[in-house]
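Student: Okay, here's the structure, questions in a sec.
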Amino acid sequence: MRQDFKEIGHTGGKISFSIFGDDDGKVSFSTEYSSSSPFPATLSGIYAHHTIGICSTLKLGGMGEPFNEPPLPECIPVFLASDSEGKFGHDCPVCNKHFRSESLPVNSPLICPYCGLHAAAHKFITKSQTKYVEHYVSQLYMAFETVRPGSEQVCEIDMDSIAGDLEKEPVPDYYYTSTAQQTEFKCQACSRYNDIRGRFGYCSSCGTRNNKASFKEYLDTVREQVNKKGVRPEDAIKQIISDFDSTCRNYVSELVKKVRMKRSRKNELTKIKFHEIDHFCEVLERNFDFKLKKPLSQNEYLVAKKLFLRRHVYEHNGGEATEQYIRESDDTSVQIGELLRESIENVHSLSNILSKMIDVLHDDFLELFPPEKFFIEIKKQRDQRWSKNKE
């Protein structure tokens with residue numbers, strides 16, 4: 001298991017500037033990136049102006065493909081290399097939290113996994129990346145001022161030498177790193193990489209929340225443990241419902257943050273009880289028209305209700321049936337004071353039922369807050385090509 005919040009070093013590499021001064025004193029330049037580092041390296045870029053600072057995100061084209069037009073005259077294209085894992089660190093300009101992704105997108109906004117801000121990727125540049133950009137531009141402009149007519153001057157920023165000798169003090173302030181967070185996930189909607197603090201968040205590329213995927217991954221883990229008899233069915237029921245509660249509660253907390261509502265409505269949603277199935281289904285349908293019971297048969301809903309009530313018995317009464325449990329569940333197979341016995345089949349039944357309910361909650365949430373389509377469409381086209389190649 002990796003260490004939370006561990007600093008991840010720069011991948012290294014060397015930026016070389018060749019500055020040319022013609023006989024008339026006109027200055028031009030070319031830039032080259034090279035690397036001898038054994039670490040993964042990904043390049044992104046931004047446009048920066050020597051007096052204004054960072055202006056926009058740079059689109060690095062393929063062979064023979066030009067960059068996108070700069071937003072202002074005299075903007076300099078600045079190459080930004082990834083960390084040593086091939087990822088990029090970002091700081092949200094609104095909530096100030098750090099996260100990592102695989103690039104600085106140009107054709108689609110970058111999205112904060114925490115507060116959900118959609119903005120151009122250059123808005124998420126970190127403080128240390130900003131220092132690097134400032135150094136990059138100042139080095140280049142210094143060369144502009146010193147190159148002589150009819151001559152060529154070469155200067156460089158050697159991140160390889162810095163990355164290879166970090167124990168040497170002081171490390172230049174333009175040496176930028178990123179910070180590992182706590183949860184890495186590959187978005188199921190667009191297949192893009194994310195590294196976030198906590199467990200749940202928005203995909204930084206398309207904005208799809210990872211709650212559904214995370215919950216189903218947890219279900220698979222519990223089901224496998226039950227099948228191998230590593231977890232008692234009674235404990236599995238408690239764990240599954242507890243995780244369902246956490247997953248749903250996180251969706252609702254996002255709704256409370258993003259949907260304008262009266263204080264009374266906000267209070268009701270904040271206090272919603274996701275371990276009481278009748279209660280939370282009614283509250284979500286009344287407030288948002290989220291029909292979590294819609295995909296369930298009557299029998300499935302009754303099974304779920306009984307197992308939710310059993311969870312309460314396991315959690316608060318040592319597994320012994322109570323009068324309240326028998327009355328509310330209509331379970332005539334036990335008497336007051338008897339130990340409830342759970343089956344593996346019930347664990348799988350509950351998992352299937354809650355999986356359907358999470359599907360509805362997730363899809364209805366996306367209807368209110370649609371994801372960005374750019375990377376989702378790329379994944380769809382890639383999947384279609386893959387399917388054709390397999391035929």
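The values are calculated or read from the model by the stated rules, or taken from the named source; none is laboratory data. Nothing here was measured: the structure is a model prediction, and the numbers come from that model. Backbone-built Cβ (ideal geometry, glycine too); neighbour counts: all protein chains shown.
Student: Here is a list: 18, 36, 28. Which entry is exposed (fewer than 15 other Cβ atoms within 10 Å of the Cβ), assigned by TED's automatic domain parsing to the domain that holds residue 103 and either part of a strand (DSSP E or B) or at pLDDT 95 or above (or both)?
Tutor: Within the list 18, 36, 28, the selection yields 28.
Student: To continue, here is another question. Suppose the filter is touching a Phe, Trp or Tyr at 6+ places or on another chain (Cβ under 9 Å) and at pLDDT 95 or above; does residue 243 pass it?
Tutor: yes
Student: Test residue 70 against the criterion of being of a type outside the set (Lys, Arg), in contact with a Pro (Cβ under 8 Å, 6 or more places away or on another chain) and free of Cβ contacts under 8 Å to residues at least 24 places away in the same chain, and give yes or no.
Tutor: yes
Student: For region 88-169, please list each of the strands (runs of 3 or more DSSP E) lying entirely inside it that holds at least 1 residues being over 25 Å from residue 26 (Cβ atoms) and in contact with a Gly (Cβ under 9 Å, 6 or more places away or on another chain).
Tutor: Passing ranges, in order: 98-101, 151-158.
Student: Looking only at region 20-47, which residues are over 27 Å from the mean Cα position of the chain (by Cα) and under 29 Å from residue 120 (Cβ atoms)?
Tutor: Within region 20-47, 28, 29, 30, 31, 32, 33, 34, 35, 37 meet the criteria.
Student: Shifting gears a bit: On the given criteria, is residue 185 assigned to a loop (DSSP other than H, G, I, E, B), buried (at least 19 other Cβ atoms within 10 Å of the Cβ) and without any contact (Cβ under 8 Å) to a residue 60 or more places away in the chain?
Tutor: No: the conditions fail for residue 185.
Student: Is it the case, given these coordinates, that residue 41 is touching a residue at least 60 places away in the same chain (Cβ under 8 Å) and surrounded by 15 or more Cβ atoms within 10 Å (Cβ to Cβ)?
Tutor: No; evaluated as a whole, the condition is false for this residue.
Student: Still on this structure: For region 304-391, which fully contained helices (runs of 4 or more DSSP H) count at least 3 residues that are touching a Leu at 6+ places or on another chain (Cβ under 7 Å) and without any contact (Cβ under 8 Å) to a residue 40 or more places away in the chain?
Tutor: Once the helices (runs of 4 or more DSSP H) in region 304-391 are filtered for at least 3 residues that are touching a Leu at 6+ places or on another chain (Cβ under 7 Å) and without any contact (Cβ under 8 Å) to a residue 40 or more places away in the chain, what remains is 323-329.
Student: Across region 71-105, what is the number of residues that are aliphatic (A, V, I, L, M) and surrounded by fewer than 19 Cβ atoms within 10 Å (Cβ to Cβ)?
Tutor: Selection size over region 71-105: 2.
Student: Residues 282, 254: which one is farther than 25 Å from residue 182 by Cβ, among the acidic types (Asp, Glu), part of a helix (DSSP H, G or I) and not assigned by TED's automatic domain parsing to the domain that holds residue 97?
Tutor: Residue meeting the stated conditions: 282.
Student: Let me ask something else. List the residue pairs whose Cβ atoms are under 9 Å apart, where the first residue sits in region 97-115 and is farther than 18 Å from residue 5 by Cβ, the second is outside any loop (DSSP other than H, G, I, E, B) and of a type in the set (Val, Ile, Thr), and the two are 6 or more positions apart or on different chains.
Tutor: Listed by first residue and then by second, the contacts come to 104/46; 104/57; 105/57; 106/57; 110/57.
Student: Based on what the data block shows, is residue 214 buried (at least 16 other Cβ atoms within 10 Å of the Cβ), hydroxyl-bearing (Ser, Thr, Tyr), at pLDDT 95 or above and in the same structural domain as residue 251 (by TED's automatic domain parsing)?
Tutor: Taking the combined requirement at face value, the residue satisfies it.
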